[in-house]
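Trainee: Have a look at the structure that comes next, please.
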Amino acid sequence: MSHHFVHYVNAIPESKEQQYKNRLKESRIPDNFRGYTFDNYKCALSNEAAYRFACDLIPLTPQLKSFPEDDNSPIWDAWGKRWSKFTLTLIGPTGVGKTHLAIATAFAWLKERELSVRYYQCQDLVNYLQSITMMECREEAEDYLDYLYKFNDCLLIIDDFGTQKDTEYSAAQLDLLFDMRYIHDCPTIVTSNLQLDDFPPRIKSRLSQGNVVKISGEDYRLKKVNV
């Protein structure tokens, strides 16, 4: 007679640090952006408003200690700990720190709020959406889309909006994405060199319901070269 032994192993809970590393790995934040934090973000008059709105998304960070909680702000809910209809659009020329600020917010979201982030260059996002629509298993495809469309504990960063190939397909996919995230109250950060009036009308309307901040200044990369 054979005997089958079942071994019950108590799973060891992951440490907070390991959970953070897992969230960071899934975030798609490029390795060369890992140094973009609030600590080394150079706040000046030209980007102070953008910095404030980014900090409001992370109410647990030390940076917010100098900012009083505002119960009337559309960003704070009744508990003062959760965003509401949060969209931050950072507009400005190349090299003024739009991506730095977006990634700094992402790291605080991952670490302080212990929630998920997904980072995409806009063209990469269009390519990703196209790959999902081509999946054979529709249920699996819908799960992937629901994560982008409806999961409101995941901060989506869309970098360099306006650099994607301008096709009917990309326009339709991005229009649907912004519409669904707006409907389901999902936090989104968009960076772009475009002026808001140059955005597609429906996307412009959705983003206008959130916070649109213009950042000015010189290209810091060129400053480094000229030093």
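The values are calculated or read from the model by the stated rules, or taken from the named source; none is laboratory data. Here the structure is a predicted model, which means the values were calculated and not measured. Every residue, glycine among them, receives a Cβ derived from its backbone with ideal geometry; neighbour counts consider all protein chains shown.
Trainee: Check off (1) of a type outside the set (Phe, Trp, Tyr); (2) buried (at least 21 other Cβ atoms within 10 Å of the Cβ); (3) touching a Pro at 6+ places or on another chain (Cβ under 7 Å); (4) over 28 Å from SER216 (Cβ atoms) for ALA171 and give me the number that stays unchecked.
Mentor: Among (1) of a type outside the set (Phe, Trp, Tyr); (2) buried (at least 21 other Cβ atoms within 10 Å of the Cβ); (3) touching a Pro at 6+ places or on another chain (Cβ under 7 Å); (4) over 28 Å from SER216 (Cβ atoms), ALA171 violates only (2).
Trainee: Got at least one residue in the range 131-147 being within 12 Å of the chain's Cα centre (by Cα) and among the hydrophobic types (A, V, I, L, M, F, W, C)?
Mentor: Here is the first cut: in the range 131-147, the residues within 12 Å of the chain's Cα centre (by Cα) are none.
Among the residues of the range 131-147, not one is within 12 Å of the chain's Cα centre (by Cα) and among the hydrophobic types (A, V, I, L, M, F, W, C), which makes the answer no.
Trainee: Suppose we filter the range 132-145 for residues that are surrounded by fewer than 15 Cβ atoms within 10 Å (Cβ to Cβ) and assigned to a helix (DSSP H, G or I); how many remain? Lay out the reasoning, then the answer.
Mentor: Of the residues in the range 132-145, the ones surrounded by fewer than 15 Cβ atoms within 10 Å (Cβ to Cβ) are 133-140, 142-143.
Okay, now just the ones that are also assigned to a helix (DSSP H, G or I), so 133, 138-140, 142-143.
Residues in the range 132-145 being surrounded by fewer than 15 Cβ atoms within 10 Å (Cβ to Cβ) and assigned to a helix (DSSP H, G or I): 6 in total.
Trainee: Okay, moving on. Give THR163, THR188 a once-over and let me know the one that is closer than 30 Å to LYS16 by Cβ, in contact with a helix residue (DSSP H, G or I) (Cβ under 8 Å, 6 or more places away or on another chain) and polar (S, T, N, Q). Break it down into steps so the answer makes sense when it comes.
Mentor: On the way: THR163 fails: closer than 30 Å to LYS16 by Cβ.
THR188 is the lone residue from the list that is closer than 30 Å to LYS16 by Cβ, in contact with a helix residue (DSSP H, G or I) (Cβ under 8 Å, 6 or more places away or on another chain) and polar (S, T, N, Q).
Trainee: Right, another one. Filter the range 180-195 down to the residues that are among the hydrophobic types (A, V, I, L, M, F, W, C), surrounded by 15 or more Cβ atoms within 10 Å (Cβ to Cβ) and not in a loop (DSSP other than H, G, I, E, B) and list them by number.
Mentor: Across the range 180-195, the qualifying residues are MET180, ILE189, VAL190.
Trainee: Something else now. Only one of PHE178, PHE107 is touching a helix residue (DSSP H, G or I) at 6+ places or on another chain (Cβ under 6 Å) and modelled with pLDDT of 90 or more; which?
Mentor: On the way: PHE107 fails: touching a helix residue (DSSP H, G or I) at 6+ places or on another chain (Cβ under 6 Å).
So the residue among PHE178, PHE107 that is touching a helix residue (DSSP H, G or I) at 6+ places or on another chain (Cβ under 6 Å) and modelled with pLDDT of 90 or more is PHE178.
Trainee: If we keep just the residues of the range 164-219 that are out of contact with any Ser or Thr (no Cβ under 8 Å at 6 or more places or on another chain) and of a type in the set (Asp, Glu), which is farthest from LEU129 (Cα to Cα)?
Mentor: GLU218
Trainee: Between LEU148, LEU125, LEU177, LEU129, which is touching a Cys at 6+ places or on another chain (Cβ under 9 Å), aliphatic (A, V, I, L, M) and surrounded by 13 or more Cβ atoms within 10 Å (Cβ to Cβ)? Full working, then the answer.
Mentor: On the way: LEU125 fails: touching a Cys at 6+ places or on another chain (Cβ under 9 Å); LEU177 fails: touching a Cys at 6+ places or on another chain (Cβ under 9 Å); LEU129 fails: touching a Cys at 6+ places or on another chain (Cβ under 9 Å).
Only one candidate passes the filter, namely LEU148.
Trainee: Enumerate the pairs (first residue in the range 121-132 and of a type in the set (A, V, I, L, M); second residue anywhere and not in a helix (DSSP H, G or I)) with beta-carbon separation below 7 Å, excluding pairs fewer than 6 apart on the same chain, so at least 6 apart or on different chains.
Mentor: Short answer, once both residue conditions are applied: LEU125/ILE158; VAL126/GLN164.
Trainee: Further question on the same structure: Name the residues in the range 151-162 that are at negative phi and surrounded by 14 or more Cβ atoms within 10 Å (Cβ to Cβ), would you? It would help to see each step written out before you state the result.
Mentor: Here is the first cut: in the range 151-162, the ones at negative phi are 151-159, 161.
Passing the criteria: PHE151, ASN152, CYS154, LEU155, LEU156, ILE157, ILE158, ASP159, PHE161.
Trainee: For the range 24-44: of the residues being aliphatic (A, V, I, L, M) and out of contact with any Phe, Trp or Tyr (no Cβ under 7 Å at 6 or more places or on another chain), which is nearest to GLY217 (Cα to Cα)? Let's see the steps before the verdict.
Mentor: Residues of the range 24-44 aliphatic (A, V, I, L, M): 24, 29, 44.
This time we only want the ones that are out of contact with any Phe, Trp or Tyr (no Cβ under 7 Å at 6 or more places or on another chain), so: 24, 44.
On the way: LEU24: 30, ALA44: 10 Å.
Within the range 24-44, the match that is nearest to GLY217 (Cα to Cα) is ALA44.
Trainee: Go through the residues of the range 209-226 one by one and say whether even a single one is surrounded by fewer than 16 Cβ atoms within 10 Å (Cβ to Cβ), hydroxyl-bearing (Ser, Thr, Tyr) and at pLDDT below 90.
Mentor: Checking the range 209-226: at least one residue is surrounded by fewer than 16 Cβ atoms within 10 Å (Cβ to Cβ), hydroxyl-bearing (Ser, Thr, Tyr) and at pLDDT below 90.
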